[in-house]
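Student: Input: one structure, supplied below.
Values in this text are rule-based calculations from the coordinates and carry no lab data. Everything numeric here is computed off the predicted structure, so don't read it as measured data. A quick note on method: Cβ atoms are made from the backbone with ideal geometry, for glycine too, and the neighbour counts reach across all protein chains shown.
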Amino acid sequence: MGKTSRFAAVILSPMKPLDDSEIKRVLVVTAHPDDCDFGAAGTIAQWTAKGIQVSYCICTNGDQGGEDPNVPREDMPKIRQHEQRQAGLAVGVSDITFLNYRDGWLVPTIELRKDIVRQIRITKPDRMVIQSPERNWDRLFASHPDHMAAGEAAIQAVYPDSRNPFAFEDLLKVEGLEPWRVREVWVMSSATPDHFVDITSTFDKKMKALHSHVSQTAHNENLEKMVREWGEKNAEANNLPKGSVAEIFKIVNTN
């Protein structure tokens, strides 16, 4: 008989998220204005309705977005920030920080990590929502390079940086920002989602948020149909009743 391997196979079951009753604060980190609304606005609306404090950290200024060639590029950051603030109000979010990195040029630098760590230590989230740092070959549009860069920088900020008092020591010594341990991360646009949220009851709020991004969505007459179809496919894959709409995530336990 051959020797028994020292390494036993491990079968991983989907990570069960913390109950919302355990969550006081959520921080959403995305690359662009509107990313959080396409990916999670229905879920966010449910959290804020429960009294959970949700904050946004938007990495870029969004200046490469928009469909109107007559809008000066230098005006786009201001336009997109206004639109994101309006979209936030539609789902109960008013605490929004814009890091103002250049749209289309985002990379997971030490500087970006530090900026996200700062926001983590300021907002003290129990849960974070981030973009996937991995390319999704089945949904390539979801894997914009900025999205992956924001996702990579955000997960690095969660672990190891935000909890480590010796990472970016000036944040503690100069700015007085104590280390903070995020309890879990929800990843949007993952190729291997393992959790869904039925957003049928808040789909109207999701669409109100998306319609707030006028410079990005006004040209699309089929926007609601498109977004509903995405959500219905998510719902169908998770055995929800016909006509239901869902958002999907990958849950990462960070403890």
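Student: Once you have the Cα-Cα distance between Gln86 and Thr200, take 0.36 nm times their residue separation minus that, and quote the gain in nm to one decimal. Don't jump to the answer; show the numbers that get you there.
Tutor: Working: separation 114, 0.36 × 114 = 41.04 nm, distance 2.15 nm.
Result: 38.9 nm gained on full extension.
Student: Hey, another quick one. Using alpha carbon centroids, what distance separates region 55-70 and region 160-215, in Å?
Tutor: Between the Cα centres of region 55-70 and region 160-215 lies a distance of 18 Å.
Student: With the chain treated as a Gaussian network of Cα nodes joined by springs under 10 Å, which of Asn238, Asn220, Asn136 yields the largest mean-square fluctuation?
Tutor: It is Asn220.
Student: Give me the percent relative contact order of region 1-158, please, defined on Cα pairs under 8 angstrom at least 6 residues apart.
Tutor: Reported relative contact order: 28 percent.
Student: Among Val182, Asn253, Phe196, whose Cα sits farthest toward the positive end of the charge dipole of region 132-255 (+1 at Cβ of Lys/Arg, -1 at Cβ of Asp/Glu, about the Cα centre)?
Tutor: Phe196
Student: What spacing in nm lies between the two simple spin-label points modelled at Ala49 and Val174, each 7 Å away from Cα in the Cβ direction?
Tutor: 4.4 nm
Student: Label Arg228 and Asn253 with points 7 Å out from Cα along Cα→Cβ: what is the distance between them in nm?
Tutor: 3.9 nm
Student: Something else about it: Kindly state, to the nearest 0.05, the FRET efficiency for Thr192 paired with His219, given R0 = 51 Å and r defined as their beta-carbon distance.
Tutor: After rounding, the FRET efficiency stands at 0.95.
Student: Also: Considering the zone a paramagnetic label at Glu22 would reach in this model (a point 7 Å from Cα along the Cα-to-Cβ line), which residues of region 43-61 have amide N under 11 Å from it?
Tutor: Those under the cut-off are none; the list is empty.
Student: Counting other C-beta atoms within 10 Å, and keeping those with at most 16, which DSSP coil chymotrypsin sites (Phe, Trp or Tyr not before Pro) do you find in region 90-154?
Tutor: Loop-located and lightly packed - Trp105, Trp137.
Student: Considering Cα pairs under 8 angstrom that are at least six residues apart, work out the relative contact order of region 22-253 and quote it in whole percent.
Tutor: Once divided by the residue count of region 22-253, the mean separation gives 25 percent.
Student: Before rounding to the nearest 500, sum -39500 (n - 2.57) across all DSSP H runs of length at least 4 in the chain and divide by the residue total; then give [θ] at 222 nm in deg cm²/dmol.
Tutor: Taken over the chain, the calculation gives -11000 deg cm²/dmol.
Student: In a Gaussian network model over the chain where Cα atoms closer than 10 Å are linked, find which of Pro125, Pro160, Pro241 has the largest mean-square fluctuation.
Tutor: Pro241
Student: Please return the longest stretch of the chain lacking exposed loop sites, where GluC sites (Glu not before Pro) count only if DSSP places them in a loop and at most 14 other Cβ atoms lie within 10 Å.
Tutor: 68-174
Student: What share of the DSSP beta bridges in region 22-253 is antiparallel, in percent to the nearest 5? Intermediate results must be reported in sequence, preceding the final value.
Tutor: On the way: 8 of 27 bridges.
Here the antiparallel bridges make up roughly 30 percent for region 22-253.
Student: Distances over 26 Å make up what percent of all Cα-Cα pairs in region 22-253?
Tutor: Roughly 34 percent, rounded to a whole number.
Student: Among His195, His147, what is the fewest-to-most ranking by other Cβ atoms within 10 Å?
Tutor: Lowest count first: His195, His147.
Student: Can you check what the net charge comes to around Ala246, using other residues whose Cβ is under 10 Å from the Cβ of Ala246 (Lys, Arg +1; Asp, Glu -1)?
Tutor: Once positives and negatives cancel, what remains is -3.
Student: Using DSSP to define loop residues, name the chymotrypsin sites (Phe, Trp or Tyr not before Pro) in region 158-255 whose beta-carbon has at most 13 other beta-carbon atoms within 10 Å.
Tutor: Here the sparse-neighbourhood loop sites are Phe166.
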